[in-house]
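Below: one structure, written as structure tokens.
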Amino acid sequence: MKKFFNSRDGASKSAALMIVLALVVMLTGVALAYLSRTTTDRQLAQSSYNDTSADLLARSALDIVVSDFKQEIINNPTVTMANIQPTRYGDASIPNLIRRSYFGDPTNRTSGVSSMSPSVNGRSISTTRWNSHYLVPRGDPTDISINPSPIPAFVAPDWVLVTAQGPNSAPPPSAVIGRYAFAAYDEAGLLDMNVAGYPNWSGNPGGSCNPDPTPWLTNVGRKGTVGLADLTALGAYAPPRAQIDNIVGWRNYATTLRPNIQIFGNFTFPGDSCTTQDSYGSYLLDFGDPPFTFDSTDQPVPISSYPFSSAAANIFPTPAPGVSPRTDQVFISRQQLLKLQRSLGFSQNLLQYMGSSSRERNRPAPDWPYLGNNLSEGRFCFDNLDLLKPNPDGCTQHGRKKGYGKGKGRGHLCGTEADIANLFGLKWIKSGVVGPDPNGNPQPGHWRYIGHNGNWHDPNPNALGHIPCLRGPNKQNDFFQLLLYALFRLQCSSDGEYDPQRLLKTFSIGASIIDQYDSDPDDLDTTLTGTDKKFQSHTTVIE
């Protein structure tokens, strides 16, 4: 019988089989890892592609909406009352809403599909979501829950369907590559909460500060800046004083010199010192002390120490061991304003009146007629009225132009006769210079209009019988030149205005403004002495 012998290289064949199997396993693992990685990379790439596409669509939509506003400006180069505001369409009954996309709007781009209608994947945008910024009045103002649901008059915008050729109001479904809807709101008329509202003590100008570091009564009364807006006047849902103090305490922590022991949501202002009040007053009102420095073109240069376009750089308390100094804060976005509202708890209904970016530059309007470039940058700072004290040459005991008392001298300055003549065209005529009245009683001193070129050195100069024309580009016009133009806006003829009725109205209003401004007891006419003091008067008289 034939015998079979084992192969001499059988062990080698077994080893080769094991190696092949190991290689197959390794290759399979590498293939699986590759497929897994490429699948993940493909998903990430697809997601990035979709994000980029959505971002490009959103940017294009924003460019289209903004371009519509720009085109309106180009189409109306002459500003009038009819076109000074953007054309409103959509929901004209909602104050803050300028326009929204809707079928039949003037652009003829918008489809008839509402953004509230569910899409194929079931997505839609409700009116509540459209009002997540609270710029539209809430439908139920009594609801204390977080609920921005707007009034029924607000209608959700319609979709603008985008094709490869641009927006189309009725494209074939297969041509649509994206969609957008929009609502544009106006924040210009809202209270800029980076500035608006003042602490509790600002409404009480009395107290222990004598004289007050800032004339709060005057400044709050005239509403000189939006920082002096009274938030308690916002109707039935106005924030209580404690909430206003918390807003100001968070926003102006350093400029109101808050004690380090106060924490967020517990800022109070009772019994604050004059120094504290003056610090905040300076933040709002400090443009330096008049008269202001003039540049080479005879232009006054009042420069705010703390421009409202950014937060003040103050740090308080002064850094020290164990003390955590803080600065002021600002709202970078509306979302931060909403977050503060939810943290402090003031009424959601107030948010329709509040903004975070509505600051404006204070400068003459360029479209006033008949100016001939004579008012170009010719600002007149109202704080110059501080200089008009009766008998200015007798005011030296308080330090002319340097102020006295507390608070940088605001409301307690004495202008030189040269300053007053240049800025107001006025000269103080002392009581002894003018004769007695028809009854033989001494007449109190008064102002006489001599014009900015008048001889203020003369103790009894001639009164100017007219108000001169504006002085020219970048020149300092006096108060009554500007007031005359503001009242009548007439083209200046010859060398000025001589009409007695217009002069009477101009000087009457000017005297009233001066009379309201110089309400300080120190502003009493002191040119009468002895028994004649009884004829002293606070009343402003301009000859």
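The values are calculated or read from the model by the stated rules, or taken from the named source; none is laboratory data. Since we're looking at a predicted model, the values are computed, not measured. Glycine gets a Cβ as well: all are built from the backbone with ideal geometry, and neighbour counts include every protein chain shown. Heads up: the accessible areas ignore ligands, DNA and RNA and are worked out on the full protein's heavy atoms, side chains in. Shrake-Rupley method; radii C 1.70, N 1.55, O 1.52, S 1.80 Å.
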Note to self: Looking at the structure I just gave you, is D91 assigned to a helix (DSSP H, G or I) and of a type in the set (D, E)?
What the structure shows: no
Margin query: Looking at the stretch 116-143 only, could you name the residues that are touching a residue at least 12 places away in the same chain (Cβ under 8 Å) and either aliphatic (A, V, I, L, M) or touching a Phe, Trp or Tyr at 6+ places or on another chain (Cβ under 8 Å) (or both)?
Written below: M116, I125, T127, W130, N131, H133, L135, V136, P141
Note to self: So, in the stretch 489-499, how many residues would count as being at pLDDT 85 or above and under 33 Å from the mean Cα position of the chain (by Cα)?
What the structure shows: 0
Checklist line | Scope the stretch 416-430; condition small (G, A, S) and surrounded by fewer than 22 Cβ atoms within 10 Å (Cβ to Cβ); matching residues | finding: A418
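Given the condition modelled with pLDDT of 80 or more, in contact with a Lys or Arg (Cβ under 9 Å, 6 or more places away or on another chain), assigned to a helix (DSSP H, G or I) and surrounded by 19 or more Cβ atoms within 10 Å (Cβ to Cβ), answer yes or no: does some residue in the stretch 392-415 qualify? Steps first, please.
Here is the first cut: in the stretch 392-415, the ones modelled with pLDDT of 80 or more are none.
No: zero hits.
Kindly establish whether T87 is closer than 30 Å to G355 by Cβ, among the hydroxyl-bearing types (S, T, Y) and open to solvent by less than 50 Å² (accessible area, probe 1.4 Å).
Working: closer than 30 Å to G355 by Cβ: yes; among the hydroxyl-bearing types (S, T, Y): yes; open to solvent by less than 50 Å² (accessible area, probe 1.4 Å): no.
So T87 does not fit the description; no.
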Note to self: Quick check on the stretch 146-167: of everything there that is farther than 19 Å from S117 by Cβ and polar (S, T, N, Q), which residue is surrounded by the fewest Cβ atoms within 10 Å (Cβ to Cβ)?
What the structure shows: Q165
Note to self: Of the conditions (1) open to solvent by 60 Å² or more (accessible area, probe 1.4 Å); (2) closer than 28 Å to I146 by Cβ; (3) of a type in the set (F, W, Y), W130 satisfies every one except a single condition; which number is it?
What the structure shows: (1)
Check: Which numbered condition trips up I125, out of (1) open to solvent by 50 Å² or more (accessible area, probe 1.4 Å); (2) under 22 Å from P150 (Cβ atoms); (3) among the hydrophobic types (A, V, I, L, M, F, W, C)?
Finding: (1)
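Of the residues that make up the stretch 508-517, is at least one among the aromatic types (F, W, Y), touching a residue at least 24 places away in the same chain (Cβ under 8 Å), open to solvent by 20 Å² or more (accessible area, probe 1.4 Å) and in contact with a Leu (Cβ under 7 Å, 6 or more places away or on another chain)? Before you say what the answer is, go through the steps one by one.
Our first condition is that a residue be among the aromatic types (F, W, Y); within the stretch 508-517, this holds for 517.
From what is left, the residues that are touching a residue at least 24 places away in the same chain (Cβ under 8 Å) are 517.
When the remaining residues are screened for being open to solvent by 20 Å² or more (accessible area, probe 1.4 Å), the result is 517.
Next, only the ones that are in contact with a Leu (Cβ under 7 Å, 6 or more places away or on another chain) stay: 517.
The answer is yes, given that some residue of the stretch 508-517 is among the aromatic types (F, W, Y), touching a residue at least 24 places away in the same chain (Cβ under 8 Å), open to solvent by 20 Å² or more (accessible area, probe 1.4 Å) and in contact with a Leu (Cβ under 7 Å, 6 or more places away or on another chain).
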Note to self: Looking at the stretch 201-219, can you tell me whether even one residue there is more than 24 Å from Y102 (Cβ to Cβ), at pLDDT 65 or above and crowded, with 16+ Cβ neighbours inside 10 Å?
What the structure shows: yes
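What about P473, is it touching a residue at least 40 places away in the same chain (Cβ under 8 Å) and over 21 Å from A421 (Cβ atoms)? Show your work before the answer.
On the way: touching a residue at least 40 places away in the same chain (Cβ under 8 Å): yes; over 21 Å from A421 (Cβ atoms): yes.
Considered against the rule, which asks whether it is touching a residue at least 40 places away in the same chain (Cβ under 8 Å) and over 21 Å from A421 (Cβ atoms), P473 comes out as yes.
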Notebook entry, point to check: Which one is modelled with the highest pLDDT among residues in the stretch 57-81 that are open to solvent by 100 Å² or more (accessible area, probe 1.4 Å) and part of a loop (DSSP other than H, G, I, E, B)?
Noted result: P77
Notebook entry, point to check: Among the numbered criteria (1) at pLDDT 85 or above; (2) within 20 Å of the chain's Cα centre (by Cα); (3) open to solvent by less than 80 Å² (accessible area, probe 1.4 Å), which single criterion is violated by A365?
Noted result: (1)
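If I filter the stretch 49-56 for residues that are of a type in the set (D, E), open to solvent by less than 90 Å² (accessible area, probe 1.4 Å) and either modelled with pLDDT under 95 or within 24 Å of the chain's Cα centre (by Cα) (or both), do I get at least one hit?
In the first step, residues of the stretch 49-56 are kept if they are of a type in the set (D, E); the result is 51, 55.
Those still in the list that are open to solvent by less than 90 Å² (accessible area, probe 1.4 Å) too: 55.
If we keep only those that are either modelled with pLDDT under 95 or within 24 Å of the chain's Cα centre (by Cα) (or both) too, we end up with 55.
Yes, because at least one residue in the stretch 49-56 is of a type in the set (D, E), open to solvent by less than 90 Å² (accessible area, probe 1.4 Å) and either modelled with pLDDT under 95 or within 24 Å of the chain's Cα centre (by Cα) (or both).
Does A170 meet the test of being open to solvent by less than 20 Å² (accessible area, probe 1.4 Å), at pLDDT 90 or above and of a type in the set (A, V, I, L, M, F, W, C)? Before you say what the answer is, go through the steps one by one.
On the way: open to solvent by less than 20 Å² (accessible area, probe 1.4 Å): no; at pLDDT 90 or above: yes; of a type in the set (A, V, I, L, M, F, W, C): yes.
When the stated conditions are applied, A170 does not pass them.
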Next item on the list: Considering every residue within the stretch 327-345, establish whether at least one is of a type outside the set (A, V, I, L, M, F, W, C), open to solvent by less than 40 Å² (accessible area, probe 1.4 Å), in contact (Cβ under 8 Å) with a residue 60 or more places away in the chain and assigned to a helix (DSSP H, G or I).
Entry: yes
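Scan the stretch 476-499 and give yes if some residue there is closer than 16 Å to L385 by Cα and open to solvent by 20 Å² or more (accessible area, probe 1.4 Å), otherwise no.
To start, the set of residues in the stretch 476-499 that are closer than 16 Å to L385 by Cα comprises 476-483.
After this cut, where a residue has to be open to solvent by 20 Å² or more (accessible area, probe 1.4 Å) as well, the list is 482-483.
The answer is yes; a qualifying residue exists.
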Note to self: Take the residues in the stretch 94-122 that are of a type in the set (A, V, I, L, M) and outside any loop (DSSP other than H, G, I, E, B); name whichever of them is surrounded by the fewest Cβ atoms within 10 Å (Cβ to Cβ).
What the structure shows: I98
